């Protein structure tokens, strides 16, 4: 071997403490090393087992068996936006502009845990103008999406043993967060007018309720809108029985047939509503930016917890979003995509009625990006989903919705926004062929 190779090897061993040198005597193995028995290389299967499993025990999460696999690289009836519609060139130029300005160099360091003041102010103005809220930047906490917002709220507002009301059909991952915080879930029914508020009143008269989780604009997963009468009564009950309303307005920006009904938070005069939203449906889930709107004292407490789990958000992206909002680009994008999604909704609903009305029951949603599809009992939805997957398309099996309902619903949310009309037509024709053969 080359002498330099030997020298480098010795230098490496010396720097890591494996050897030491004595002047005029030589180089020796370190005397401080513990005595260990030499072992042979393991067989391949033993090595793989060692790499897959820890040598120690840890707490197993019994609520979730496997992490979700989104499969968004495969077209299908995904519940979410078509990322091909993202104004990528505009966002790229804005990123470049933000990062090239010397005045923005502080963004590359540690910044405010509550989020960039520019974005908090922009979100506040946006909510005040479009959703009828009355906020300022001190009422806004920027998060990495709705899920982080729900986690922070569940940890700050909920104590072990508290009772939280959710619906029989609800957003499963919100329910899991409340249960993870130690809450006991009580479920109430949802009908054509939304959450059964009279049932909530009966519960409140016999039991102390800490909070209620609600998606009033388009109930998740059924897409029904909470009626105006029930909205006002729910606010009155919150004031009377002192429970918190956690309002998840996950798709407020997309409403097709009329002006959207304003959020509960817009009519809240006793500060009983905490309002959460995100830009995941409007722009992209990958931008990971959401927000909580609440009174300043709660925002301050939420920020303390946020500092422990995630010292700050993404200040570069936050500045980019602030500029997109302030320059009107977000509104222009919403207006453009609203027209596209409206056309896709009508196309998908029209094809389903024409080809599959005998086996699929649904109501045309007035907003959002999905329909709530009820399959005939003789059609096994998971089997249709598996068969369609083999053909290259995704159809959600709807199994998560069964958990809250406590029974097999044979229903699912079919997203109409993720695919263009050509892709949707192909998927629906394939689904028709599959159903005929079952």
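A few notes on this one:
- Principal axis dimensions, largest first and in whole angstrom, of the stretch 332-437 by Cα: 43, 31, 23
- Length released on extending from residue 426 to residue 346, taking residue separation times 0.36 nm less the Cα-Cα span: 27.2 nm
- For the chain, the longest principal axis of the alpha carbon atoms and the long axis of helix 296-309 meet at an angle near 40°.
- Percent of Cα-Cα distances greater than 14 Å, calculated over the stretch 168-243: 60
- Rg/Rh (Cα only; Kirkwood hydrodynamic radius) as it applies to the stretch 375-430: 1.00
- Cβ-derived FRET efficiency at R0 45 Å, residue 327 paired with residue 156, nearest 0.05: 0.85
- Protection-proxy order for peptides 177-185, 414-422, each taking the mean of Cβ atoms within 10 Å per residue, highest first: 414-422, 177-185
- Summary of packing: across the peptides 290-301, 311-322, 343-354, the per-residue average of other C-beta atoms within 10 Å ranks them, highest first, as 311-322, 290-301, 343-354.
- Beyond 15 Å, the tail of the calculated P(r) for the stretch 351-406 holds 60 percent of the Cα pairs.
- In units of the compact-protein estimate 2.2 N^0.38 Å, the chain shows a Cα radius of gyration of 1.22.
- The stretch 215-279 and the stretch 180-210 have Cα centres spaced 15 Å apart.
- From least to most packed, judged by other beta carbons within 10 angstrom and beginning with the fewest, 331, 116 follow the order 331, 116.
- Viscosity 0.692 mPa s, temperature 37 °C, Stokes-Einstein D of the stretch 66-130 from Kirkwood C-alpha radius, µm²/s: 209
- Cα-derived Rg over Rh, computed across the stretch 86-329 with Rh taken as Kirkwood radius: 0.98
- Compared with the dominant principal axis of the Cα atoms in the chain, helix 146-157 is inclined by about 90°.
- Site pair residue 37 and residue 180 shows an inter-label distance of 4.3 nm when each label is modelled 7 Å from Cα along Cα→Cβ.
- Kirkwood hydrodynamic radius (C-alpha pairs) into Stokes-Einstein, the stretch 98-198, 25 °C and 0.890 mPa s, D in µm²/s: 148
- Under the criterion of Cα pairs below 8 Å and six or more residues apart, the relative contact order for the chain equals 21 percent.
- On Cα atoms only, tilt of 315-326 relative to the major axis of the chain in degrees: 30
- For the stretch 291-375, the spread of Cα positions along each principal axis, largest first, Å: 54, 31, 21
Values quoted throughout were computed directly from the atomic coordinates according to the rules given, and no laboratory measurement underlies them. Computed from a predicted model, the values in this text were never measured in an experiment. In this analysis, Cβ positions are derived from the backbone assuming ideal geometry, glycine residues included, and neighbour counts consider all displayed protein chains.
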